[in-house]
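Worksheet: one structure, shown below.
Please treat every number below as a calculation from the coordinates, not as lab data. It should be emphasised that the depicted structure is a prediction, and the values quoted were computed from it without experimental measurement. Counting neighbours? That spans all protein chains shown, and the Cβs are built from the backbone with ideal geometry, glycine included.
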Amino acid sequence: GESVGLHLPTLSVQEGDNSIINCAYSNSASDYFIWYKQESGKGPQFIIDIRSNMDKRQGQRVTVLLNKTVKHLSLQIAATQPGDSAVYFCAEISSNTGKLIFGQGTTLQVKP
Amino acid sequence: GAGVSQSPSNKVTEKGKDVELRCDPISGHTALYWYRQSLGQGLEFLIYFQGNSAPDKSGLPSDRFSAERTGGSVSTLTIQRTQQEDSAVYLCASSTQGYSEAFFGQGTRLTVV
């Protein structure tokens, strides 16, 4: 099936440290790039998105960076907490088609 | 609540049987997606409905899979002659057309024995 690729399958960080989760994408025509969080046994939940004409967007404790030159997307989580432990997926969507495509996911493990 | 509802939450079926999975999207959401997620894997796109437009069926893995959306609301994903490789969690999501925030249901865990 269609998907957006990810670099690392598992990331382990110490509680309180910052986390950086990376993603590579291939479709330059996408209008938005998005991060979702999936906790065990639940459906994915929207975290933050960034429009394709931006390179940085900040939310609460999270920052998304978009580098269109190298087709790279990253999610930075500040002061990582145990509740941040989950699988993080990048995704992309085209406003024309509305089709939402997901990457393979990175598991974030937060050590106390 | 007014979230996306999927039923059943779990389904065990014998190989060769047909199954129907149901999704009730958030009221007013015109976009509806189905994904398949195998254990420890990502979300594989299956099909996408948008309003009255023809659905994007490009992700359906075989002609045993079909889906419909009645009245622009409830959707049913049907798998005919199930195989063991169909075992996975089937996730449904809905959104306002063109918006990147999609709301997911809890999924249906399908086990084919």
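Listed values, structure above:
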item: Paired Rg and Dmax values of chain A, which use every Cα atom, in angstrom; result: 13.3, 44
item: Cβ-based charge dipole, the range A:14-84, positive-most Cα from A:Ser40, A:Leu66, A:Gln81; result: A:Leu66
item: Of B:Ser95, B:Pro55, B:Gln83, farthest towards positive along the dipole that unit charges on Lys, Arg, Asp, Glu beta carbons give the range B:33-113; result: B:Gln83
item: Point-charge dipole on Cβ atoms (K/R +1, D/E -1) for chain B, about Cα centre, debye to 20; result: 180 debye
item: Calculated diffusion of the range A:73-112, Stokes-Einstein form, Kirkwood radius summed over Cα pairs, 37 °C and 0.692 mPa s, µm²/s; result: 274 µm²/s
item: Shape box of chain B [Cα atoms, principal axes, largest first, Å]; result: 37, 29, 25
item: Radius of gyration and Dmax over the Cα atoms of the protein assembly as shown, both given in Å; result: 17.4, 50
item: Mean separation of Cα contacts under 8 Å (6+ apart) over length of chain B, as relative contact order %; result: 38 percent
item: Rounded FRET efficiency, nearest 0.05, which uses the C-beta distance separating A:Ala78 from A:Asp55 and R0 of 30 Å; result: 0.95
item: Separation in nanometres of the label points that stand 7 Å from Cα toward Cβ, at A:Lys71 and B:Ser38; result: 2.4 nm
item: For the range A:1-91: relative contact order, % (alpha-carbon pairs under 8 angstrom, 6 or more apart); result: 36 percent
item: Entries in B:Lys11/B:Lys57; A:Lys68/A:Lys99; B:Lys15/B:Lys57; A:Lys68/A:Lys111 that, when Cα-Cα distance is taken, lie over 28 Å; result: A:Lys68/A:Lys111
item: About the Cα centre, charge dipole magnitude for the range A:4-112 (Lys/Arg +1, Asp/Glu -1 at Cβ), debye; result: 160 debye
item: Total charge dipole magnitude, the protein assembly as shown, about the Cα centre, Cβ charges on Lys, Arg, Asp, Glu only, Debye to nearest 20; result: 40 debye
